[in-house]
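Asker: The following block contains the structure, expressed as structure tokens.
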Amino acid sequence: MAERMAMTTFTAEVAQIPVVAGCWSWGNRRTWGYGTRFGDTDVRAAVETLTEHGVRCYDTAEVYSRGRAERLLGDCAGGAAIVSTKFFPYPWRLARGQFLRAVERGNRRLRIDRAHLYQVHHEPPRPLLRRLAGHLAAARRAGLVESLGTSNLSSDGLRATVAALAEHGERVSAHQARYNLCDRRVERDGVADLCRAEGIVLLAHSALGQGLLSGRYRAGDAMTGRRPLNEQVLRQADPVIQLLIRYADRLATSPAAVALAWLRHQGAVPIVGVHDRRQAQEAAQGLGVTLTDKMALRLDAVTRPWRGKS
């Protein structure tokens, strides 16, 4: 982590145990099959397993299943979780009273007094950014949130948010972006460099590429689930998956653990979606894996095309 990183409860925790459990699928029936493929018992088992491995950080959002994901996390973790949650910046919700009520409602669902990290979920309209920055600062002064973050912003949007919060004496502690071996655009578009320069923790969501980097799916296989990847993507990723499997055998671990270790080698903290015991064990297993520089360089070379065109 960058030396300039300001330590908060959330950032200090991920500096020690660099993985975050993602709750996007919790309570989501249509996309992820909540109620058919998994349910409350599975989610509780995932939380218990993560707790056994010392993993306490979770990432959720008010829009995940219209608040149900936050409520499930509060019910299952009993307020013991270290929570990152998010506010969706619809332009018509940016009156201060509306914003503060949204923060309070989220905290009640989560059964916490204050969110450890509160993020702006997507890039707000630029004319409204200064107003939103003021609301975020007010929420922190009121003790409703401990630290502030951003999610899915462009590098220009992140830079503008850093500047807007600085006007209120506040800072961006963490930024969340899609980042994995098969999606390395943050290295090209300036987001990763900006996080490094500003001492912002880079949280990598979709860390396993929707299961692509788990090693369970190969070209020619039928990919199960509600969000299957097409055959072209599987073929393009095959050299990456082969290398992950080879290194996993060498390190006596799983391909997913190797993919997560690569992200940590890049200075990012992976967010791994978990909704059952197996997924929780897989996420925790990756904590004990360290890549050699040679392995990391080889993975870098194989996946360089996934950085996209400069």
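The values are calculated or read from the model by the stated rules, or taken from the named source; none is laboratory data. Everything quoted here is computed from the prediction, not taken from an experiment. Here the Cβ is made from the backbone with ideal geometry for all residues, glycine too, and neighbour counts use every protein chain on show. Surface accessibility is based on the protein's heavy atoms, side chains included, excluding ligands, DNA and RNA. Shrake-Rupley method; radii C 1.70, N 1.55, O 1.52, S 1.80 Å.
Asker: Among the listed residues 133, 102, 69, identify the single one that is assigned to a helix (DSSP H, G or I), open to solvent by less than 10 Å² (accessible area, probe 1.4 Å) and either out of contact with any helix residue (DSSP H, G or I) (no Cβ under 8 Å at 6 or more places or on another chain) or β-branched (Val, Ile, Thr) (or both).
Answerer: Of 133, 102, 69, the one residue that is assigned to a helix (DSSP H, G or I), open to solvent by less than 10 Å² (accessible area, probe 1.4 Å) and either out of contact with any helix residue (DSSP H, G or I) (no Cβ under 8 Å at 6 or more places or on another chain) or β-branched (Val, Ile, Thr) (or both) is 69.
Asker: Is there any pair with a first residue in segment 274-298 that is farther than 19 Å from residue 182 by Cβ and in contact (Cβ under 8 Å) with a residue 12 or more places away in the chain and a second that is of a type in the set (Phe, Trp, Tyr) and in a loop (DSSP other than H, G, I, E, B) whose Cβ atoms are under 8 Å apart and which are 6 or more apart or on different chains, and what are they?
Answerer: 275/26; 275/32
Asker: Under 6 Å between Cβ atoms, which residue pairs at least 6 apart in sequence (or on different chains) link something in segment 61-79 that is free of Cβ contacts under 8 Å to residues at least 60 places away in the same chain with a partner that is of a type in the set (S, T, N, Q)?
Answerer: From residues that are free of Cβ contacts under 8 Å to residues at least 60 places away in the same chain, the pairs are 65/28; 69/60; 70/60; 73/60.
Asker: All but one of (1) under 27 Å from residue 78 (Cβ atoms); (2) surrounded by fewer than 17 Cβ atoms within 10 Å (Cβ to Cβ) hold for residue 127; state the number of the condition that does not hold.
Answerer: Status for residue 127: all satisfied but (1).
Asker: Give the number of residues within segment 21-49 that are of a type in the set (S, T, N, Q), open to solvent by less than 50 Å² (accessible area, probe 1.4 Å) and over 22 Å from residue 79 (Cα atoms).
Answerer: Qualifying residue count for the region: 1.
Asker: To continue, here is another question. Select from segment 80-99 the residues that are assigned to a loop (DSSP other than H, G, I, E, B) and in contact (Cβ under 8 Å) with a residue 12 or more places away in the chain and list them in ascending order.
Answerer: 80, 81, 88, 89, 94, listed by residue number.
Asker: Among (1) closer than 24 Å to residue 256 by Cα; (2) of a type in the set (A, V, I, L, M, F, W, C); (3) open to solvent by 50 Å² or more (accessible area, probe 1.4 Å), there is one condition residue 7 misses while meeting the rest; what is its number?
Answerer: (1)
Asker: Okay, moving on. Of the residues that sit in segment 174-189 and are open to solvent by less than 10 Å² (accessible area, probe 1.4 Å) and in a loop (DSSP other than H, G, I, E, B), which one is farthest from residue 154 (Cα to Cα)?
Answerer: 181
Asker: Sticking with this structure for a sec: Can you tell me which residues in segment 263-292 are in a helix (DSSP H, G or I), open to solvent by 30 Å² or more (accessible area, probe 1.4 Å) and at pLDDT 95 or above?
Answerer: Within segment 263-292, 264, 265, 277 meet the criteria.
Asker: Please enumerate the residues belonging to segment 88-129 that are within 21 Å of residue 160 (Cα to Cα) and among the hydrophobic types (A, V, I, L, M, F, W, C).
Answerer: 88, 92, 94, 95, 99, 117, 120, 128, 129
Asker: Are there any pairs, at least 6 apart or on different chains, whose C-beta atoms fall under 7 Å, with the first in segment 34-50 and assigned to a helix (DSSP H, G or I) and the second among the polar types (S, T, N, Q) and modelled with pLDDT under 95, and if so, which?
Answerer: Between residues of segment 34-50 that are assigned to a helix (DSSP H, G or I) and residues that are among the polar types (S, T, N, Q) and modelled with pLDDT under 95, the close pairs are 46/279; 49/281.
Asker: Can you spot a residue in segment 50-65 that is open to solvent by less than 90 Å² (accessible area, probe 1.4 Å), under 23 Å from residue 102 (Cβ atoms) and acidic (Asp, Glu)?
Answerer: Scanning segment 50-65, I find at least one residue that is open to solvent by less than 90 Å² (accessible area, probe 1.4 Å), under 23 Å from residue 102 (Cβ atoms) and acidic (Asp, Glu), so the answer is yes.
Asker: Tell me, which residue of segment 194-236 that is closer than 23 Å to residue 30 by Cβ and of a type in the set (Val, Ile, Thr) is modelled with the highest pLDDT?
Answerer: 233
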